[in-house]
1. Can you find even one residue in the range A:211-228 that is modelled with pLDDT of 85 or more, of a type in the set (Phe, Trp, Tyr) and either part of a helix (DSSP H, G or I) or surrounded by 18 or more Cβ atoms within 10 Å (Cβ to Cβ) (or both)?
2. Would the range A:122-131 turn up any residue that is under 17 Å from residue A:227 (Cβ atoms), touching a Lys or Arg at 6+ places or on another chain (Cβ under 7 Å) and surrounded by fewer than 23 Cβ atoms within 10 Å (Cβ to Cβ)?
3. Counting only residues that are within 19 Å of residue B:172 (Cα to Cα) and within 20 Å of the chain's Cα centre (by Cα), which one in the range B:136-151 is surrounded by the fewest Cβ atoms within 10 Å (Cβ to Cβ)?
4. May I ask you to list the residues in the range A:1-47 that are under 23 Å from residue A:94 (Cβ atoms) and basic (Lys, Arg)?
5. Yes or no: the range B:38-51 includes at least one residue that is surrounded by fewer than 24 Cβ atoms within 10 Å (Cβ to Cβ) and small (Gly, Ala, Ser).
6. Among the residues of the range B:230-258 satisfying the criterion of being of a type in the set (Val, Ile, Thr) and touching a residue at least 40 places away in the same chain (Cβ under 8 Å), which is farthest from the other protein chains (Cβ to nearest Cβ)?
7. If you go through the range A:244-280 one residue at a time, how many are in contact with a His (Cβ under 9 Å, 6 or more places away or on another chain) and either more than 19 Å from residue B:231 (Cβ to Cβ) or outside the structural domain of residue A:182 (by TED's automatic domain parsing) (or both)?
Number of protein chains: 2
Amino acid sequence: MKTSIIGTGLIGGSMALKLRKKGFTDYIYGIDKNEEHLQQALDRHIIDEAVSLEDGIRNADLIILAIPVDAARKLLPSILDQLQEHQTVMDSGSTKAGITNAVKDHPNRKRYVSFHPMWGTENSGPVSATDESFTGKAAVICNREESAEDAFHLVERAAQELDMHLIYMDAEDHDIHTAYISHISHITSYALANTVLEKEREEDTIFQLASSGFSSTVRLAKSHPEMWVPIFRQNRENVLDVLNEHITQLRKFKSALEKENYDFLEELIVNANKIRGILK
Amino acid sequence: MKTSIIGTGLIGGSMALKLRKKGFTDYIYGIDKNEEHLQQALDRHIIDEAVSLEDGIRNADLIILAIPVDAARKLLPSILDQLQEHQTVMDSGSTKAGITNAVKDHPNRKRYVSFHPMWGTENSGPVSATDESFTGKAAVICNREESAEDAFHLVERAAQELDMHLIYMDAEDHDIHTAYISHISHITSYALANTVLEKEREEDTIFQLASSGFSSTVRLAKSHPEMWVPIFRQNRENVLDVLNEHITQLRKFKSALEKENYDFLEELIVNANKIRGILK
C-alpha cells in the first residue's frame, strides 16, 4: 500500500516510521512546504520520495494530513475533490469540529476519517519523530458514521499498527474534552513561563533552582505557536470556558491565602488530590 | 558518625539511604510520630533504630529535620536548646525565612545549617525513598554566615555525598525564588486538577484521553496537603505576589481569545517559548 504524508514533522514522521516498520505501507510519499524538513525526512527514510501535493494525492491509497489544524481544514476539501473511490484521507489534528464541519456536505465526505492521536511533545520536526511515539496511547476517531466502512476500517487498522487504542466520539464532544485535558494545560504552562520570565530576571537562578516539578509543569510552554494558535483559534469557545473556570479555581487559592483561611486551602488541595484516583 | 533522621519519609528516607551507602554515616536513628513509617523505615534499613526524640537528639552527631516546615520551625529551637558544641542540626524544608528567623537570636544558632534540597515528588513516605533521589539536583544553603564553620562544612560534605551541587543564598531571596519555580507550579497544578474535576464528570473520558502533556502538568496536584499547606502558609506573601502575576498572565490569554486577537496570542506564546533557552 502506498501512503502520502502531508506534513513530515513530529506527528506525520512518527506515523510514517511505525507504519513502514509494521509493513502496513511499502511506499511513502512526503509532501512538505518546508524544504529542510523534506530533506530530513528523506535522510531518516521517513519517506521514500518527496513529491508535489498533486502527485501525493493522486498516487496514494492513504493520505495522512499532519499539518496545523487551520491548514488542514483549508486543504481537506480540495483533497476530497481529487479523490478516487478507493482512496482514503485521514487527519491527525487536535481539534475536530471545525474540520468535520468544513466537509460535512462534501460529496466525497465518506472518504475522510477524522482522527486524533493523543500524543505530542514540545519538540517538532522530522528529527523528533520516532517509531514508538504513539505506542500505548489513545487515538480518537470522530463521527465514524460519516465515513465509508472501508475507509474507517483502513484507519482503524492503521491505529492498531501504531499500537494505539481507539476511542469513538462525536467531534463536538471531542473538542470539549480536549479543551480540558490538553488545551488548558498548554495555556497554563505558557502563562506560568510568562509569569516566571516577567518577574525573574536572574535567569541563572531559575536555571539552577528549577526543580523537576517546575520543569514538568512548564515543559509544554516550549510548544510552538505555529501549531497552537490554530488549535486555540478553532477551539476558542471551549478553551475560553475552561480558562474562565481555571481562573476561578486559582482565585479560590488566592482568596484562601489572602484571608489566611488554611482550612479552605487544605480543602482545595484535598479535592485536587482526587486526581490521584483518576490519573495513574 | 551517628545521624538522626527526624521524619523518615520521602526526603529523610532518601537522604538516609544515600548517606549510609556512601559511608558518610554508620548508624542512623529514626524519629517519627507515624508508627507505620517507622516500621517501614526499619524494614527497608533506612534507619538502624527507632528512638525517642530526646534520645535521637542526644546521641547523634548530625540531626536531620525532614518534617513539614511548620513542625520544623516549631521544633528547631528546642533541639538547639539541647545541643552540645560538637553536634549539628540541618533541616530540609522548602521555605527558609521563617525557620531561620525563628532561631536568629538563639545562643546555639551556629549549630544549625539551613538546607533545602531541590527535589521532591508527588509521592511520600519511606516506601518512596530511594538512594538516588537527589543525584544531580541542586541544594541551597541559606545564611551560611550564621552557621559555625565546622557545622557548615559537615552539611556541605553531606550534600556532596548526596551528589548535589550547592547554591548559597539569603533565606529571604530563597523564598522569593522558590515561590516562582516551585510553589506556584503546585498551585497551578492543584487549580488545574480542580478545574477538570469541576466540569468533567465523565471520569472515564479523562482517564482515557489524558495525554502525557496533561499528566505532566497535573502530576503535582497529587502532592499532599500535610506538606504543602505549611509551605504556602510560611511563604504566603511571596506566593500571593506570584499568584497575582500568574492570574494576570492568564488573563492576557483570555483577552487575546475573547477579542480574537491572534497576533497577541502568538506574541504571548513566542514569549513563553523563551523558557526553552533557560530550561533544558
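1. Let us first name the residues in the range A:211-228 that are modelled with pLDDT of 85 or more, namely A:218-228.
So of that shortlist, the ones also of a type in the set (Phe, Trp, Tyr) come out as A:228.
Those still in the list that are either part of a helix (DSSP H, G or I) or surrounded by 18 or more Cβ atoms within 10 Å (Cβ to Cβ) (or both) too: A:228.
Among the residues of the range A:211-228, at least one is modelled with pLDDT of 85 or more, of a type in the set (Phe, Trp, Tyr) and either part of a helix (DSSP H, G or I) or surrounded by 18 or more Cβ atoms within 10 Å (Cβ to Cβ) (or both), which makes the answer yes.
2. Yes; the residues of the range A:122-131 include at least one that is under 17 Å from residue A:227 (Cβ atoms), touching a Lys or Arg at 6+ places or on another chain (Cβ under 7 Å) and surrounded by fewer than 23 Cβ atoms within 10 Å (Cβ to Cβ).
3. B:144
4. Answer for the range A:1-47, where residues must be under 23 Å from residue A:94 (Cβ atoms) and basic (Lys, Arg): A:18, A:33.
5. yes
6. Going through the range B:230-258, the residues of a type in the set (Val, Ile, Thr) turn out to be B:231, B:239, B:242, B:247-248.
Next cut, touching a residue at least 40 places away in the same chain (Cβ under 8 Å) only: B:231, B:239, B:242.
Working: B:231: 11, B:239: 6, B:242: 6 Å.
My answer is B:231.
7. Number of matching residues: 0.
Table: residues versus (1) surrounded by fewer than 20 Cβ atoms within 10 Å (Cβ to Cβ); (2) modelled with pLDDT of 95 or more; (3) of a type outside the set (Asp, Glu); (4) over 16 Å from residue B:9 (Cα atoms).
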site: B:76; (1), (2), (3), (4): no, yes, yes, yes
site: B:87; (1), (2), (3), (4): no, yes, yes, yes
site: B:106; (1), (2), (3), (4): yes, yes, yes, yes
site: B:115; (1), (2), (3), (4): no, yes, yes, yes
site: B:133; (1), (2), (3), (4): no, no, yes, no
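The values are calculated or read from the model by the stated rules, or taken from the named source; none is laboratory data. All values reported here derive from a predicted model rather than from experimental measurement. No Cβ is skipped: glycine too gets one built from the backbone with ideal geometry, and neighbour counts run over all protein chains shown.
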